[in-house]
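These notes are about the structure you will find just below.
The values are calculated or read from the model by the stated rules, or taken from the named source; none is laboratory data. Quantities reported herein were computed from a predicted structural model and do not represent experimental measurements. Methodologically, a virtual Cβ is constructed for each residue, glycine included, from the backbone with ideal geometry; neighbour enumeration extends over all protein chains shown. Note: accessible area is taken over every heavy atom of the protein model, side chains too, but ligands, DNA and RNA are not part of it. Shrake-Rupley method; radii C 1.70, N 1.55, O 1.52, S 1.80 Å.
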Amino acid sequence: AIGLMLNVMRRFVISDRHVRAGDWLKGAQPLAEKVGGKTVGIIGMGRIGQAIARRAAAMETKVVYHGPREKKDVPYRYYPKLVDMARGATVVIAACPGGEATRGIVNAEVIEALGTKGYFVNISRGTVADEPALVKALVEGRLGGAGLDVFVDEPKVPEALFKLDNVVLAPHVGSATRETRKAMGDLAVANLVAHFGGKPLLTPVA
């Protein structure tokens, strides 16, 4: 989430292309956007949302959040309505669970509230956003940019996004590190050992 936010705002991917293509010899690329001092709104303040919040706060941003209920144990401002959070945020990061409860919550109204100077980052599930509305807003220049790791019909990605320099695309790699995948495997084995040993599961699913 932080990587996508940095890439879409500071244009690192574009900078890399600029240098590789030899365009730096012809002149500087357009200025990027500073991250520090901005308001970052997080959808979902669970374990992952809180991890994102700590990292964003360390970058001197103001963190706010939206979710089904306010959490008393976090120091960030809570917005009951997502559209209100989007109006006051520069970046909205989706870190909530997928499923019917969150399907399409980042809709045309929320996207419009973010506006031409706003950015949307999604590491949740593609279904959290109204993808056609998101693509349309990006193509028409009504949203500042997006960093997307998830899509509705993976691995198919809307081709209209391929041409946009203000969009960073990733192939659902949020957990794709050696360390994380090893930890996932170790946890699965530990749950199996606990189950067959008659002990409580480490991560039971109700």
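Here are some notes:
- Note on region 46-93: residues that are of a type in the set (S, T, N, Q) and under 18 Å from LYS117 (Cα atoms) amount to 2.
- In region 21-56, of all residues being more than 27 Å from ASP165 (Cβ to Cβ), out of contact with any Lys or Arg (no Cβ under 7 Å at 6 or more places or on another chain) and in contact (Cβ under 8 Å) with a residue 12 or more places away in the chain, the one that is most open to solvent (accessible area, probe 1.4 Å) corresponds to ILE48.
- Which numbered condition LYS81 misses (of (1) under 20 Å from ARG10 (Cα atoms); (2) open to solvent by 30 Å² or more (accessible area, probe 1.4 Å)): (1)
- Members of region 84-98 found to be open to solvent by less than 10 Å² (accessible area, probe 1.4 Å) and part of a helix (DSSP H, G or I), listed by number: MET85, ALA86
- Of the residues making up region 58-87, those that are in contact with a Phe, Trp or Tyr (Cβ under 8 Å, 6 or more places away or on another chain) and not basic (Lys, Arg) are VAL63, VAL64, TYR65, HIS66, GLY67, GLU70, VAL74, TYR76, TYR78, TYR79, MET85.
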